[in-house]
Amino acid sequence: MPLRLLLNGAKGRMGRAVAAAAPELGFALAGAIDAGDDPAALLPAADVVVDFSSPQATRHLLELAVAAKKPLVLGTTGHDAAAKRELAALAARVPCVWAGNFSVGVNLLFALTRRAAGVLGPDYDVEVVEMHHRFKKDAPSGTAERLLEIVREERRLPAGAVRHGRSGLTGERPPGEIGMHALRGGDVVGDHTVMFAALGERLELIHRASDRAIFARGALRAAAWVVAQPAGVYDMQDVLGLR
C-alpha cells in the first residue's frame with residue numbers, strides 16, 4: 001500500500017515538483033494544500049507530512065502534526081535562529097526530517113566540506129558563494145547557511161566570523177573570517193561553492209543543480225525513511241547514512 005502524503009505548499013515550485021514525483025516513487029497524495037487552506041481536516045488520512053511553504057506557516061502545521069502524531073519532512077527555510085530553535089524543540093516530539101536541501105549531491109557536499117574544513121585547517125581561508133533564481137525570497141540560502149555552520153563547527157568559530165559580502169576599504173582579510181556571498185538572477189535552480197584558499201593553492205567544492213526534481217526525490221526519500229524512525233529531529237545526513 002502506498003504511503004499517503006499530505007503536501008503543504010503545493011502551489012510553489014518545490015510543492016509542484018514533489019507532487020509530480022510522488023506517484024513514480026510510490027506515494028499517494030492524501031491532500032495538497034497551500035496558503036489559506038486548513039491542514040487539520042486532511043491530517044488523519046496522511047501517513048506523513050511534507051512542507052515546502054513559508055516560514056510563517058511552519059509553526060501552525062507543526063503544532064497540528066505533533067497533536068496528530070504524524071511524522072514530517074520540513075523543507076521550508078528562512079526562519080531566524082530563535083524561531084528555528086523553538087520549532088526544533090517542538091518537532092522533536094515526532095519523527096521529523098528538517099533540511100535546507102534534500103539533494104543527495106548537496107548532502108555529500110556537506111560531508112566533504114566538514115572533512116576539508118578539518119583537514120585543511122585555519123591557513124586555508126573559506127569563502128561560500130551561492131546563486132539562485134531571481135524569485136528566491138531569503139538570503140543566504142538554507143544550504144549556504146548549513147555550509148557556514150559546518151565550517152564554524154569544525155573550526156570552532158563564533159557566528160560573528162561570517163562576513164556577508166565586502167565593500168569599500170575593508171583592509172586585509174582577518175584570520176578566522178568566513179566570506180558569504182549570495183547571488184540572485186535568472187532561473188538558476190541552485191549553485192553552491194565552498195572555496196578553501198591558501199598561499200599557493202585553492203580547493204573548490206562545487207554543486208550545481210539544474211533540475212528541481214532532485215530536491216523533490218530527496219524529500220520523498222526522507223519521507224519514506226522518517227515514518228520508521230522514533231521521535232526526534234533528523235536531517236539528510238541521517239537519511240543517507242553520512243553521519
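The values are calculated or read from the model by the stated rules, or taken from the named source; none is laboratory data. What you are looking at is a predicted structure, and each value in this text was computed from that prediction instead of being measured. Positions of Cβ are backbone-derived with ideal geometry, glycine not excepted, and every protein chain shown enters the neighbour counts. Ligands, DNA and RNA are stripped out before the accessible areas are found, and what is left, the full protein with its side chains, is counted by its heavy atoms. Shrake-Rupley method; radii C 1.70, N 1.55, O 1.52, S 1.80 Å.
Values for this structure:
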| read-out | value |
| --- | --- |
| Counted charge near residue 47, where neighbours are those whose Cβ lies closer than 13 Å (Asp, Glu -1; Lys, Arg +1) | +3 |
| Radius, Kirkwood style, for the range 198-243 when every pair of distinct Cα atoms is counted (Å) | 13.3 |
| Net charge dipole size for the chain [Lys, Arg +1 and Asp, Glu -1 on Cβ; Debye, nearest 20] | 220 |
| Extension reserve of the residue 139-residue 13 stretch, reckoned as 0.36 nm per residue once the Cα distance is removed | 43.6 nm |
| Highest-MSF residue in the chain out of 147, 87, 62 [GNM, Cα springs under 10 Å] | 87 |
| Solvent-accessible area per residue for the chain (1.4 angstrom probe, square angstrom) | 50 |
| Crossing angle, helix 142-155 versus the chain [Cα axis fit, 0-90 degrees, rounded to tens] | 50 |
| Pairs from 69/136; 11/137; 11/69; 69/137 whose Cα-Cα separation, in the structure shown, is over 21 Å | 69/136; 11/69; 69/137 |
| Surface/4 of the Cα convex hull for the range 135-243, nm² | 9.8 |
| Protein accessible area in the range 12-93, 1.4 Å probe - carbon and sulfur % | 55 |
| Fluctuation leader among 145, 172, 24 - the chain, Gaussian network, Cα springs under 10 angstrom | 172 |
| Rg/Rh for the range 1-45, where both radii come from Cα atoms and Rh is the Kirkwood radius | 0.97 |
| For the chain, calculated [θ]222 nm from helices alone, where every DSSP H run of n ≥ 4 adds -39500 (n - 2.57) | -10500 deg cm²/dmol |
| Along principal axes, Cα extents of the chain, largest first, whole Å | 58, 37, 31 |
| DSSP-defined beta bridges in the chain - what % are antiparallel, rounded to 5 | 35 |
| Kirkwood Rh, angstrom, the range 101-142 [1 / mean 1/r, Cα pairs] | 12.3 |
| Ratio of the Cα radius of gyration of the range 89-182 to 2.2 N^0.38 Å, where N counts its residues | 1.21 |
| Under 11 Å, Cβ to Cβ, from residue 66 - net charge with Lys/Arg +1 and Asp/Glu -1 | +3 |
| Euclidean distance of C-alpha centroids, the range 56-106 and the range 151-165, integer Å | 24 |
| Helix 81-91 axis, angle to the chain major axis (alpha carbon atoms, nearest 10°) | 40 |
| Summed side-chain charge close to residue 222 - residues other than residue 222 whose Cβ falls under 13 Å, Lys, Arg +1, Asp, Glu -1 | -1 |
| Test item: Cα-centred dipole of the range 80-131, Lys/Arg +1 and Asp/Glu -1 on Cβ, debye | 380 |
| Mean separation of Cα contacts under 8 Å (6+ apart) over length of the chain, as relative contact order % | 24 |
| Helix 55-68 axis, angle to the chain major axis (alpha carbon atoms, nearest 10°) | 50 |
| Residue among 169, 183, 220 with the largest mean-square fluctuation in a Gaussian network model of the chain, springs linking Cα atoms under 10 Å | 169 |
